[in-house]
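Right, one structure below, let's go through it.
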Amino acid sequence: MVSVAAINSAGVGPYSDTIAAPTTVFDEDSFSLDVDSLSPTTATISWTLALPPSLSATYSLSYSNTLNSHCFSHSASTTGLTDTVATLSGLHEGTLYSVSVTAALSNGDL
């Protein structure tokens, strides 16, 4: 179930109606994420999702880090990917990043 609200300097706005987002759950053996190459400022990653022949997918990728208030923070997001390889840029050497890949399936599930 999903509901959203705007937050700004005036406070929190009214929440939207709650909707159900359809999902398909795959077991952990159906998905793999690999780091193919690294440099001090970029990483190339690839992923595989084992889908039934009747389904296709479009992917959204996001990655981020947050060290502390005295250091940099970086986040990026890309949607509509049909390729299963992406290059993450603007990275900082020695920093831990979180990477998330979401699939939107051709049957409408996430």
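The values are calculated or read from the model by the stated rules, or taken from the named source; none is laboratory data. These numbers were taken from a predicted model, which means no experiment stands behind them. Virtual Cβ from ideal backbone geometry, glycine too; neighbours counted across all protein chains shown. These area figures cover heavy atoms from the full protein model, side chains too; ligands, DNA and RNA do not enter into them. Shrake-Rupley method; radii C 1.70, N 1.55, O 1.52, S 1.80 Å.
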Query raised in the report: Tell me, which residue of the range 37-93 that is of a type in the set (A, V, I, L, M) and more than 24 Å from ALA104 (Cα to Cα) is modelled with the lowest pLDDT?
Result: LEU67
Requested in this report: Please go through the range 27-50 and pick out each residue that is in contact (Cβ under 8 Å) with a residue 24 or more places away in the chain, open to solvent by less than 50 Å² (accessible area, probe 1.4 Å), closer than 23 Å to SER89 by Cβ and part of a strand (DSSP E or B).
Outcome: ALA43, THR44, ILE45, SER46, TRP47
